[in-house]
Amino acid sequence: MYEVKLNVFQGPLDLLLYLIKKNEVDIYDIPIAQIAEQYVEYISLMKMLDLDIASEFLVMAATLLHMKSEAMLPAGSTDDNNEEMMTREELVRQLIEYRKFKDAASVLAEWEKKQNKLFPRLYMEENYEELDLKEFKVNATLFDLLSAFRTILQAMPDDRFRELREETVTVQQKMDEILSKLKDEGRVEFSSFFSMMYSRIEIVVCFLAILELIRTKDIIARQSQIFGQIWLYKR
C-alpha cells in the first residue's frame with residue numbers, strides 16, 4: 001500500500017475539536033462515549049488507508065477509551081492502576097487552551113492574507129471566469145476529507161464491490177487522472193471522483209492520491225462553509 005506522510009495535517013487535539021464542533025456539543029460537557037467511538041472510528045479509517053499516524057493519535061485514543069470505561073463504572077469507583085491517565089478536566093483544559101492558540105493563529109493568517117493582497121494569487125479555470133473565493137472560503141481539513149470519504153464508503157452497498165478486476169491501479173495513475181480532470185473541468189466535487197468506481201482498492205487509492213496532491217500543493221480542497229460540500233481545484 002502506498003504510504004502518505006501527513007505531517008502537514010493536524011494532530012489529535014484538532015481531531016477532537018473537529019468532532020466536538022461536528023457533533024455540536026459543549027466543550028465543557030463532552031459526551032465521552034460518543035466522541036471516543038467516533039475518534040476511534042476515524043483512527044481505524046486512517047489505519048485502513050495506511051496513513052502515517054503519529055503516536056499521539058493512538059495515545060489520545062487510549063485516553064478517551066479509558067475515560068469512557070471510567071464513566072461506565074458505578075459512582076465512587078476508582079481504578080488505582082491508571083492514576084497517571086489524563087482526567088476529563090485536564091482534557092477540557094487542554095482543548096480550550098489549544099483552541100485559543102488556533103484562534104490566534106487564524107487571526108495572524110488573516111493579517112497575512114491582507115498583506116498578500118498586494119500581489120493577489122487567483123485560481124484560474126478554463127471553463128469559468130476568475131473564481132470568486134468568497135464562495136469557497138473554507139479550506140477543507142484532513143478530517144473533512146476523511147468524513148466525506150467515510151460517507152462515500154458507507155453509502156455504497158456491499159454488492160458494489162463484488163466485481164473483481166485484474167488490473168492494478170497505482171496512486172501515481174490516479175494522481176494523473178485527477179489532475180487531468182481538474183485541468184479540463186476547472187473544479188470537481190470531491191465525491192464525484194468515486195461515483196464510477198467498483199473496486200474498494202481503487203476507491204482507497206484514489207483517496208490517497210487526493211491526499212498526496214493536497215500535500216504537494218498541486219490541488220486545493222475548499223468548502224463554502226464548515227462541514228459543507230468539498231470541491232477540489234488545481235493550483
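The values are calculated or read from the model by the stated rules, or taken from the named source; none is laboratory data. Treat the numbers as computed from the prediction; the structure is a model and nothing was measured. When we count neighbours, we look across all protein chains shown, and the Cβ atoms used for this are built from the backbone with ideal geometry, even at glycine.
Surrounded by fewer than 18 Cβ atoms within 10 Å (Cβ to Cβ) and within 18 Å of Phe143 (Cβ to Cβ): which single residue out of Phe227, Phe190 fits that description?
Only one candidate passes the filter, namely Phe227.
Quick check on this structure: which one of Ile43, Ile20, Ile35 is crowded, with 17+ Cβ neighbours inside 10 Å, without any contact (Cβ under 8 Å) to a residue 24 or more places away in the chain and among the aliphatic types (A, V, I, L, M)?
Ile43
Mind listing just one residue for me: the one in the stretch 200-224 that is of a type in the set (A, V, I, L, M) and assigned to a strand (DSSP E or B) and, of those, surrounded by the fewest Cβ atoms within 10 Å (Cβ to Cβ)?
Ile220
Regarding Met197, is this residue without any contact (Cβ under 8 Å) to a residue 24 or more places away in the chain and either surrounded by 14 or more Cβ atoms within 10 Å (Cβ to Cβ) or in the same structural domain as Tyr18 (by TED's automatic domain parsing) (or both)?
Against the criterion (without any contact (Cβ under 8 Å) to a residue 24 or more places away in the chain and either surrounded by 14 or more Cβ atoms within 10 Å (Cβ to Cβ) or in the same structural domain as Tyr18 (by TED's automatic domain parsing) (or both)), Met197 qualifies.
So for the stretch 174-181 (the condition being at pLDDT below 90 and within 22 Å of Lys217 (Cα to Cα)), does at least one residue qualify?
no
Given the condition of a type outside the set (Val, Ile, Thr), under 24 Å from Pro12 (Cβ atoms), at pLDDT 75 or above and in a helix (DSSP H, G or I), answer yes or no: does some residue in the stretch 76-88 qualify? Break it down stepwise before answering.
Initial filter on the stretch 76-88 (of a type outside the set (Val, Ile, Thr)): 76-77, 79-86, 88.
Subsequent filtering for residues that are under 24 Å from Pro12 (Cβ atoms) retains 79, 81-86, 88.
Checking which are at pLDDT 75 or above leaves us with 86, 88.
Checking which are in a helix (DSSP H, G or I) leaves us with 88.
Scanning the stretch 76-88 turns up at least one residue that is of a type outside the set (Val, Ile, Thr), under 24 Å from Pro12 (Cβ atoms), at pLDDT 75 or above and in a helix (DSSP H, G or I).
Can you name every residue in the stretch 47-58 that is surrounded by 13 or more Cβ atoms within 10 Å (Cβ to Cβ) and within 25 Å of Ala71 (Cβ to Cβ)?
Hits for the stretch 47-58 are Phe57, Leu58.
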